[in-house]
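Written out below as structure tokens is the structure these notes cover.
Readers should treat all values here as calculations from the given coordinates under stated rules, not as data from a laboratory. Since the structure is predicted, the reported quantities are computational estimates derived from the model, not experimental observations. Every residue, glycine among them, receives a Cβ derived from its backbone with ideal geometry; neighbour counts consider all protein chains shown.
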Amino acid sequence: MVLNPGPTNERLPAANRDGGLEQDWAGDDQDWWDWYVTLAANDDQDVEITDGPGLPDVAPASDEQLHAELEEPYDLPPGAIASFAQDAFVRLPAVLSAAVVRRLAERLEELLRAEHGDDVAGRFTALEQMWLHDDLMRAVALSPRIGGLAAALLGEPAVRLYHDNALSKESGCGRTPWHHDAEHFPLQTTQAVTAWMPMSAIPGRMGPLSFARGRDVRDEVADLAFDKVGTSYDEAVARRFVERDVAVEAAPFAVGDVSFHSSLCFHTAGPNRTTQPRRALATTYFADGARVVDSPTLISGTWREFLPGVEPGGLAVSELNPVVGRS
Ligand SMILES: O=C(O)CCC(=O)C(=O)O
Ligand SMILES: [Fe+2]
């Protein structure tokens, strides 16, 4: 991928302003997200903010219910593996019960508030590696149900955890730029998948994750230059998809729906034009046996935190990458 030269982006750490993409990210994970959302084009026409759907209107699950549900295998509907293989993403209903979503959403609210406080309007606030210090988040990241789905969809005998994430698109925050995650994960394999688990219903105005359909879509945009300071790459990808009739699915999520997108899947998310933060837990798994690329880039963000002790070219295994799912 080539790099567009351009003006300074004040969200880029000073150490990353010069040079190309092949350098380590110099900030933390939150700095990365604060920079990354500046690369999305936004049309400022519709600024009306409406109420969000609220959290699921049920009692939160108990510890026992939550653990039992996340341990139990999920029966994939017929055709799900084939449609994931073809489309590079799949949306599955009722992977989580409303009670489990409620419990996780309440815990996530506490964790986000503790880290980022209340003054977050308009931002994209993130947390990662929650599983290392929170028991409920550990049950999600190490869930045999979610990891098992990841292994089954990828057709891998075993998958390892790359990292967990909380993705909170706060009220008024704009779009997430078009991208595919193979760029973000410094792995030599594209056998990697992210489970995106909304923490409420997500109507269209709240910025549901949206997917370009097809595992070969990246060939359509492979010639476009990444822009580390402005929105030109995001705009060029959007334009290309229109020109080439690439179908984009931007449906709302119901409570308990979970999507799985491959690292080959191009995806974006709309702005959050509701009063409620648009929150999801996103956990990424990759095929056991994968290696780290020889030259990670700044788009790989804080990858060394997720693969401690692993060097470029090395086997992607550390104490933070347990095998979670088997199929
Ligand atoms: O939550 C978002 O808006 C983006 C998430 C994303 O890109 C991902 O989970 O791979
Ligand atoms: Fe992504």
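Relative contact order for the chain: 31 percent, from Cα pairs under 8 Å spaced at least 6 residues apart, divided by residue count. Semi-axis lengths, largest first, of the ellipsoid equivalent to the chain are 27, 24, 20 Å, with √(5λ) applied to each eigenvalue of the Cα gyration tensor.
In this structure, residue 223 and residue 63 have a Cβ-Cβ separation that, at R0 = 41 Å, corresponds to a calculated FRET efficiency of about 0.20. Under conditions of 10 °C and 1.306 mPa s, region 213-320 yields 93 µm² s⁻¹ as its translational diffusion coefficient, taking Rh as the Kirkwood radius over Cα pairs in the Stokes-Einstein equation.
Summary of packing: across the peptides 196-208, 314-326, the per-residue average of other C-beta atoms within 10 Å ranks them, highest first, as 196-208, 314-326.
Computed packing ranks the peptides 127-137, 27-37, 48-58 as 27-37, 127-137, 48-58, most packed first, by mean other Cβ atoms within 10 Å. Residues whose amide H comes within less than 5 Å of that of residue 92, counting only those at least five positions distant or on another chain, are 258, 259, 260 (H built at 1.01 Å from N in the peptide plane). Each residue of region 105-121 was assigned a 3J(HN,Hα) from its phi angle through the Karplus expression (A = 6.51, B = -1.76, C = 1.60, θ = phi - 60°), giving 4, 5, 5, 4, 4, 5, 5, 5, 5, 5, 7, 10, x, 9, 8, 10, 3 Hz with x at Gly and Pro.
For the chain, what is the mean residue ellipticity at 222 nm derived from helices alone (per DSSP H run of n ≥ 4: -39500 (n - 2.57); sum divided by total residues; nearest 500 deg cm²/dmol)?
-7000 deg cm²/dmol
Counted residue by residue at 0.36 nm each, then reduced by the alpha carbon distance between them, the extension gain from residue 45 to residue 295 reaches 85.9 nm.
Backbone amide hydrogens, once placed in the peptide plane, bring residue 325 within less than 5 Å of 159, excluding anything fewer than 5 places away on its chain.
Extension gain, residue 244 to residue 116, is 42.0 nm, computed as 0.36 nm per intervening residue step minus the present C-alpha separation. Placing +1 on each Lys and Arg Cβ and -1 on each Asp and Glu Cβ, with no other charges, gives region 185-290 a dipole about its Cα centre of roughly 420 debye. Peptide packing for 298-307, 15-24 was compared via the average number of neighbouring C-beta atoms within 10 Å per residue; ordered from the highest value, the list is 298-307, 15-24.
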